[in-house]
Amino acid sequence: MKTHLVTGGSGFIGARLAQRLHEGGDRVRVLDRVRDPALFAGIGFHQGDICDRQAVAEAMRGVDVVHHHAALVAQSGAGRDYRRVNVEGARLVAEEAVRAGASAFVHVSSTAVYGLPPQGPITDETVPRPFESYGRSKLAGERIVTEICGAAGLPLYIVRPRATLGAGRLGIYQILFHWIAEGRRLYIIGDGSNHIQFIHVDDLIEAILLLLSVGRTGSYNVGTDRFGTLRGDLEGLIAHAGSRSRVTGLPAAPAMAVLGALRLTGLSPLVPWQYRTYHRDCYFDVAPLKALGWRPRHGNSDMLADSYDWFRAHRGRDESASPHRSGIRQRAIGLVRRLS
């Protein structure tokens, strides 16, 4: 039996991971600023910030495996705070993991480290080139933990998930689900012929547990192996929902210019990482993971349906302070919804 610490364990991925580890018979401890209302009995909870060394050190005592999920997400538009949390916070957690004598460190990063996606798949050979502050902070965090864990000989697993879905996922996807539930027109950037890949939270967790079990350290890109075009997946979700919604493409350059201006004036929840990439192909080559025996159980279609069905069943309830598990204000986009 091992003891696991999950930083950000009240978030969408962290909470599911903590539950999975607990159900597997291991001891689990969560470090987060807020307590998950649905935290399983038997999972320890330490309230604290990853930028507070004392709080991290206390939570780290006796830990075997550290899962570092806590971060300011792209949606937060956190500016300078990205470096404080995503870089210096990651540094502090890695340093305390070394001091505590942990045997493994799992660092959850982001697709945003790659910047504007290239034509074709993102592979292990694709050079990260983040173009905005969130992506730059996540790449800097990767490099910090790599340096610290490497110097100490602490086995490190860096995991870069595609956009993660599953029951309980809201955040930016709450806007999509809301519009479909009301039968509104769905506006997309471009014609929707671009290929977009997601990952189900349960498949992501299975990938992490597999890497730990086989002891294959390194950096891994994680996404499903069953996905289609953005338009095709959205139309499939509309059909699943029995909605009157229709997908309408917008010219890419003018749409991005308008969304950029709305973001600068605080009138849109969409950040550059979202509106500058969602009309482009964005998918990982997951052959390295599959070579280790990992097989995702979910494709884009069923994970979108799973997420949407949960939204419909829990609509109107905001059950967590985690950005990915909470609804967000639609601002000017909400006006477009009412007119669609």
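The values are calculated or read from the model by the stated rules, or taken from the named source; none is laboratory data. It should be emphasised that the depicted structure is a prediction, and the values quoted were computed from it without experimental measurement. Virtual Cβ from ideal backbone geometry, glycine too; neighbours counted across all protein chains shown.
Descriptive notes on the structure:
- Count of the stretch 94-116 residues which are aliphatic (A, V, I, L, M) and closer than 30 Å to residue 263 by Cβ: 4
- Lone qualifier among 95, 23 - being surrounded by fewer than 17 Cβ atoms within 10 Å (Cβ to Cβ) and more than 18 Å from the chain's Cα centre (by Cα): 23
- The conditions of being in the same structural domain as residue 89 (by TED's automatic domain parsing), under 18 Å from residue 108 (Cα atoms) and touching a Phe, Trp or Tyr at 6+ places or on another chain (Cβ under 9 Å) are met by residue 72.
- Lone unmet requirement of (1) basic (Lys, Arg); (2) surrounded by fewer than 19 Cβ atoms within 10 Å (Cβ to Cβ); (3) under 23 Å from residue 75 (Cβ atoms) for residue 162: (2)
- You will find that of 142, 147, the residue that is within 30 Å of residue 98 (Cα to Cα), out of contact with any Leu (no Cβ under 8 Å at 6 or more places or on another chain) and buried (at least 21 other Cβ atoms within 10 Å of the Cβ) is 142 and no other.
- Qualifying positions in the stretch 268-287 - of a type in the set (A, V, I, L, M) and assigned to a loop (DSSP other than H, G, I, E, B): 270, 271, 286
- Lone unmet requirement of (1) among the hydroxyl-bearing types (Ser, Thr, Tyr); (2) out of contact with any Gly (no Cβ under 6 Å at 6 or more places or on another chain); (3) over 14 Å from residue 159 (Cα atoms) for residue 245: (2)
- If you go through the stretch 303-322 and pick out every residue that is among the aliphatic types (A, V, I, L, M) and either at pLDDT below 60 or under 17 Å from the mean Cα position of the chain (by Cα) (or both), you end up with 3.
- Strands (runs of 3 or more DSSP E) fully within the stretch 195-267 counting 2 or more residues that are within 17 Å of the chain's Cα centre (by Cα) and at pLDDT 95 or above: 198-200, 218-222
- Residue in the stretch 233-246 that is in contact with a strand residue (DSSP E or B) (Cβ under 6 Å, 6 or more places away or on another chain), buried (at least 18 other Cβ atoms within 10 Å of the Cβ) and not assigned by TED's automatic domain parsing to the domain that holds residue 77 present: yes
- Output for the stretch 50-103, where each listed residue is more than 18 Å from residue 14 (Cα to Cα) and of a type in the set (Val, Ile, Thr): 87, 98
- Residue check for residue 218: at positive phi and free of Cβ contacts under 8 Å to residues at least 12 places away in the same chain: no
- Remark: pairs (first residue in the stretch 247-268, at positive phi; second residue surrounded by 12 or more Cβ atoms within 10 Å (Cβ to Cβ) and among the charged types (D, E, K, R); Cβ separation under 9 Å; 6+ apart in sequence or on different chains) = 266/331.
- Members of the stretch 279-300 found to be closer than 30 Å to residue 258 by Cβ and either surrounded by fewer than 21 Cβ atoms within 10 Å (Cβ to Cβ) or of a type in the set (A, V, I, L, M, F, W, C) (or both), listed by number: 280, 281, 282, 284
- Boolean, residue 38 is farther than 14 Å from residue 108 by Cα, touching a helix residue (DSSP H, G or I) at 6+ places or on another chain (Cβ under 9 Å) and assigned to a loop (DSSP other than H, G, I, E, B): yes
- Considering (1) buried (at least 19 other Cβ atoms within 10 Å of the Cβ); (2) more than 30 Å from residue 245 (Cα to Cα), the lone condition that residue 196 does not fulfil carries the number (2).
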